[in-house]
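Worksheet: the structure to be examined is printed underneath.
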Amino acid sequence: MRRREFITFVGGAATSWSLAAHAQQPAMPLIAYLSQSSSAMPQDRLRALRQGLKETGYVDGENVAITYRFAEGKNDQLPAIAGELVRGQIAVIVVGGNAAAIAAKAATTTIPIVFIVGEDPVQLGLVTSLPRPGGNATGINFLSGELAAKRLELMRELVPAVSRIAVLVNPTDASATQSTMRDIETAARAMGVQIRVFNASTGREIDVAFEAIGRERPDALFLGGDPFFTSRRVQLATMTARHAIPMSSQVREITEAGGLMSYGANLADAFRQAGIYVGSILKGAKPADLPVVQSSVFELVINAETARVLGLTVPPSLLSRADEVIE
């Protein structure tokens, strides 16, 4: 497990500078980071965001300030939070997650927005096209939905006997859920695998879902791509260990917490790229002219210790392709 840096959060939001304090210092640009996730999100991503800013000459607390707002998984609160930010002296809004990006886009057509989303930003209505976004938003697309079929193939390679898979999705993030279901249903039919869908958008609902999953005893668990699940990674790892269920996700942090495997884009690098875009906008670039960046490097992470606990042997062919093996 990599050493992590923590930020102190007050009232559900961590701020380098509050909106009120910044109003007294208009010379320092204020960046707002808005996430549908919680303050328990992996802190290396926010560190990477600040690193990207630094690469363009901006250092938090010196010549730029950052305020952090989290919906704590309550996506219905995102429009109100986005509206509050828009009414402040915000230079750029950075958004993490599909629902947060949609809320920010609905709140303003003038303040620059840099998004980090897993689904097609054109289909989400954030941009006109990837090469020329055409409005006040641009950002990073880390292609979570499109990787569902590949993740299912990797899970079957690691758990060859898998025939019944539980799929856990967050129904409050409609776009991510629809993308996950569309891709995994197609892949499951092609592979002859049965799937059963479970919903969870709160910690309590995760417990309830696992009660049902435990009774049905599927061969594996496939997590939908949603920031909420990353924020609940310890709970998910604990529950899958309790029920002895191999778990596949798209983010390495869930595997580091005890999940079996993950396959997806390097999200820390996506946040770093977002930071670079924010710096470019602060220097005068227009979001409409900054092409949406699509992740091109993906990483396979396997938790060998979890595999041993589950009685699984990781095939050498899979070990040789893994970007990281957690012992």
In segment 259-296, anything more than 20 Å from Leu143 (Cα to Cα) and of a type in the set (A, V, I, L, M, F, W, C) is listed as Leu260, Val278, Ile281, Leu282, Ala285, Ala288
Consider Asn303 carefully, then state whether it is modelled with pLDDT of 95 or more and either within 19 Å of the chain's Cα centre (by Cα) or closer than 29 Å to Met155 by Cβ (or both). yes
Between a residue in segment 299-311 that is free of Cβ contacts under 8 Å to residues at least 60 places away in the same chain and any residue that is in a helix (DSSP H, G or I), which pairs come within a Cβ distance under 6 Å, given they are 6 or more apart or on different chains? Val301/Arg252; Val301/Thr255; Asn303/Thr255
Looking at segment 32-140, what helices (runs of 4 or more DSSP H) fall wholly within it and have at least 1 residues that are closer than 20 Å to Ile276 by Cα and touching a residue at least 12 places away in the same chain (Cβ under 8 Å)? 43-55, 98-107
Can you name every residue in segment 36-63 that is surrounded by 18 or more Cβ atoms within 10 Å (Cβ to Cβ) and touching a Ser or Thr at 6+ places or on another chain (Cβ under 9 Å)? Gln36, Ser37, Ser38, Ser39, Met41, Pro42
Can you tell me which residues in segment 210-234 are surrounded by fewer than 21 Cβ atoms within 10 Å (Cβ to Cβ) and under 21 Å from the mean Cα position of the chain (by Cα)? Val234
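Among Phe70, Phe115, Phe142, which is the only one that is modelled with pLDDT of 95 or more and under 19 Å from Leu267 (Cβ atoms)?
Working: Phe70 fails: modelled with pLDDT of 95 or more; Phe142 fails: modelled with pLDDT of 95 or more.
Sole residue among the options that is modelled with pLDDT of 95 or more and under 19 Å from Leu267 (Cβ atoms): Phe115.
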Please enumerate the residues belonging to segment 148-171 that are within 26 Å of Ala103 (Cα to Cα) and either among the acidic types (Asp, Glu) or crowded, with 21+ Cβ neighbours inside 10 Å (or both). Ala148, Leu168, Val169, Asn170
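Just the residues that are surrounded by 12 or more Cβ atoms within 10 Å (Cβ to Cβ) and either modelled with pLDDT of 95 or more or assigned to a helix (DSSP H, G or I) (or both), please, taken from segment 1-31.
Residues satisfying the conditions are Leu19, Ala21, His22, Ala23, Pro29, Leu30, Ile31.
The values are calculated or read from the model by the stated rules, or taken from the named source; none is laboratory data. All of these numbers come straight from a predicted model, not from anything done at the bench. All Cβ positions, even for glycine, are placed from backbone atoms using ideal geometry, and neighbour counts span all protein chains on display.
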